[in-house]
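Notes follow once the structure below has been shown.
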Amino acid sequence: MRTCIVKITDVRSQRDVIEAAGNILREGGLVAFPTETVYGLGANGLDGEACAEIYRAKGRPSDNPLILHVANRRMVDSIALEVTPIAEKLMAVFAPGPITLIMKKKPHIPDSVTGGLDTVGIRMPDNDIARAVIRAAGVPIAAPSANTSGRPSPTTAEAVEHDIDGKIPLILDGGPCQFGVESTIVDCTGDVAVILRPGAVTVEMLEDVLGRVELDAALVGKEETPRAPGMKYRHYAPKVPLTVLEGDPEQMAQAFRDELGRLHGEYKQVGIIASGEVISSLKGLAQEELLVSYGDRGDFSAIAANIYEALRYFDERDVDCLLAEGTSEEELGLAIMNRLHKASGFRSIYV
Ligand code: TXA
Ligand code: MG
C-alpha cells in the first residue's frame, strides 16, 4: 500500500483532506494523525474489524486495549455506561487535554477495543487536526500511539512514517507534538481516582481538583501487575541497552564522565542523552554527534517533548549503548522518569 503524507497547516482551508481522512476511517481504514501528546494511529472505534487492523499494523499484543478519542461530550455519553462524579470533575477541568479517563463501557464497544474488559479509556484530544478528523469521521476513534509496538512513541510525522510506512493509506502531518509524552490515564470507576499512567496532567494537578488520588501499585513498586495492560510491556525501547543516571544533580556531570570513561575503556561507542548542563561538560570527551541535549535541567516541558526523538535518533546511529540523565519525579518529571525507566528496563545508576 502507498502511504500518502499530507502536511496540515490550516484545518479550515484543508477541509477536503480532513473529509478524506474521515471517509477512510468511517469505511474501516486507518489514518495516523497528530494529537497534543503523540501521534495516534486511528480507526473507527465502533468497527471491530477496523480496530483489529490497528493491532496488525503495529504488531501489538491483542490483550492491550485501545483508547477511544472523542470530539465532544455527546460522544462520551455514547460510549460510557456511566460517567462518575470523579470523571465529571476531571472532564470539566482537563478536557480537552492530555488525559484519558477509564469508565465503564456500553455493550456495543467491540472487544477488539477493550481487550474484553468492561471498561474503556476515553480521551478528548486538544489538537485541532485530531478533533476535526474525529468530527469528520462522526464516530469515536480508537487510536494507540502510531509506533510499531515496543518502539518509542512518535512525536513527528517522520517518526510515524519510519514505523508504519506502507501499512496505512494516510498520515496527517501536523508538525511536532506539543507535550511529547502520552496522556495521563486515570481510572475513574472507583471511589478514588487511580493514576494508571503518569502524563502531562500531573499528580499535583489532579490532587488540586480531587484532593486525593492514588498511583497504581505497579507505578510505585515494579512487582505488581499494572492495571493498564499496556504498562506491563517493555515499551519505548531503543535498539541498544540504555542506562539511566539519576540522583544528585550536583554530581551528575562527574558521574557521566566516570561512566563514559569506563565504557570507552571497554571500546564501546556510547550515545548520551542529557541536560544541556551535562552535555556541555562532556564536550571533547565524545564525538559531537553522540551527545544529545534534551533541554535544560528542570525544563520538563522541553525534556518531555524531546525524549522520544532523542531515543529514536540513536536507533539510526552506530552505538553500543546509551546513557540518559534522569530528572526529579516531581510534576511532569514523573511521566518522564516512568518512560525512561521502561525504556531502560529499570537499569539505573544512582548518583
Ligand atoms: O496520549 C495518548 O494517550 C496517545 C494518543 C495517540 O492519544 N495514545 C496512547 O495509546 O498512548 P496507547 O494505546 O499507546 O496507550 C494506551 C494505554 C495502554 O497502556 C492500555 O493498556 C491502556 O491505555 N488502556 C486502554 N484501555 C484501558 C482500560 N480499559 N483499562 C486500563 N487501561 C487501559
Ligand atoms: Mg503506545
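The values are calculated or read from the model by the stated rules, or taken from the named source; none is laboratory data. Just so it is clear, the model here is predicted, and its values are computed rather than measured. Cβ coordinates were reconstructed from backbone atoms using ideal geometry, including for glycine residues, and neighbour counts include every protein chain displayed. Heavy atoms of the whole protein, side chains included, go into the accessibility calculation; ligands, DNA and RNA do not. Shrake-Rupley method; radii C 1.70, N 1.55, O 1.52, S 1.80 Å.
Annotations for the structure displayed:
- The chain: translational diffusion in µm²/s, Stokes-Einstein, Kirkwood Rh over Cα pairs, 37 °C, 0.692 mPa s: 159 µm²/s
- The share of Cα pairs per 5 Å bin across the range 242-350, counted from zero up to the longest distance, runs 2, 13, 26, 28, 21, 8, 2, 0 percent.
- A 1.4 Å probe run over the protein chains yields, for the chain, 41 Å² of accessible area per residue, whole-number rounding.
- Helix-only [θ]222 nm of the chain, DSSP H runs n ≥ 4, -39500 (n - 2.57) each, per residue, nearest 500: -10500 deg cm²/dmol
- Three-way shape label, the range 182-292, alpha-carbon gyration tensor, a/c 1.5: prolate
- Projected label points at residue 318 and residue 56, each 7 Å from Cα along the beta carbon direction, are separated by 3.9 nanometres.
- Taking amide H as placed 1.01 Å from N in the peptide plane, residue 295 has its amide H under 5 Å from the amide H of 276, each at least 5 places away in sequence or on another chain.
- Beta-bridge orientation, the range 4-220: approximately 50 percent antiparallel, per DSSP, counting only bridges with both partners inside.
- Of all lysines in the structure, the ones whose alpha carbon falls short of 24 Å from that of residue 89, not counting any fewer than 8 places away in one chain, are 104, 105, 106.
- Where 163, 296 fall by accessible area, highest first, once all protein chains stay in place (1.4 Å): 296, 163
- Counting only heavy atoms of the protein chains and using a 1.4 Å probe, residue 224 has close to 100 Å² of accessible surface.
- A Förster distance of 51 Å, applied to the separation of the beta-carbon atoms of residue 280 and residue 165, puts the FRET efficiency at 0.90.
- Partners for residue 232 among aspartates and glutamates (Cα-Cα distance below 18 Å; same-chain residues under 8 apart left out): 63, 182, 187, 216, 223, 224
- In this label model, residue 262 and residue 78 are separated by 5.6 nm, measuring between points 7 Å along each Cα→Cβ vector.
- Ordering 206, 22, 179 by the projection of their Cα atoms onto the charge dipole of the range 4-220, which places +1 on the Cβ of Lys and Arg and -1 on the Cβ of Asp and Glu, puts 22 at the extreme positive end.
- Label-zone membership for the range 165-193, site residue 225, 7 angstrom Cα→C-beta point, backbone N under 15 Å: none
- In straight-distance terms, cross-link reach from residue 283 covers every one of the lysines whose alpha-carbon lies under 22 Å from its own, apart from those fewer than eight places away in the same chain; here that gives 268.
- Each Lys and Arg contributes +1 and each Asp and Glu -1, all at the Cβ; summed about the Cα centre of the chain, the dipole is approximately 960 debye.
- Accessible area of the range 67-187 belonging to carbon and sulfur atoms, whole % at 1.4 Å probe: 53 percent
- Chain lengthening between residue 23 and residue 191 when straightened (0.36 nm per residue, less Cα-Cα): 56.5 nm
- For the chain: relative contact order, % (alpha-carbon pairs under 8 angstrom, 6 or more apart): 19 percent
- The residues packed around residue 136, meaning those with a beta-carbon under 14 Å from its beta-carbon, carry a net charge of +1 if Lys and Arg are +1 and Asp and Glu are -1.
- Accessible-area composition of the range 203-336, carbon plus sulfur, in percent [1.4 Å probe]: 46 percent
- Extension gain, residue 239 back to residue 15 (0.36 nm per residue minus Cα-Cα distance, nm): 76.7 nm
- Binning the alpha carbon pair distances of the range 70-211 at 10 angstrom intervals from zero yields the distribution 11, 39, 37, 12, 1, expressed in whole percent.
- Our note on the geometry: Cα centres of the range 201-250 and the range 92-139, 22 Å apart.
- Residue order by solvent-accessible surface for 312, 297 is 297, 312, largest first, with ligands and nucleic acids left out and a 1.4 Å probe.
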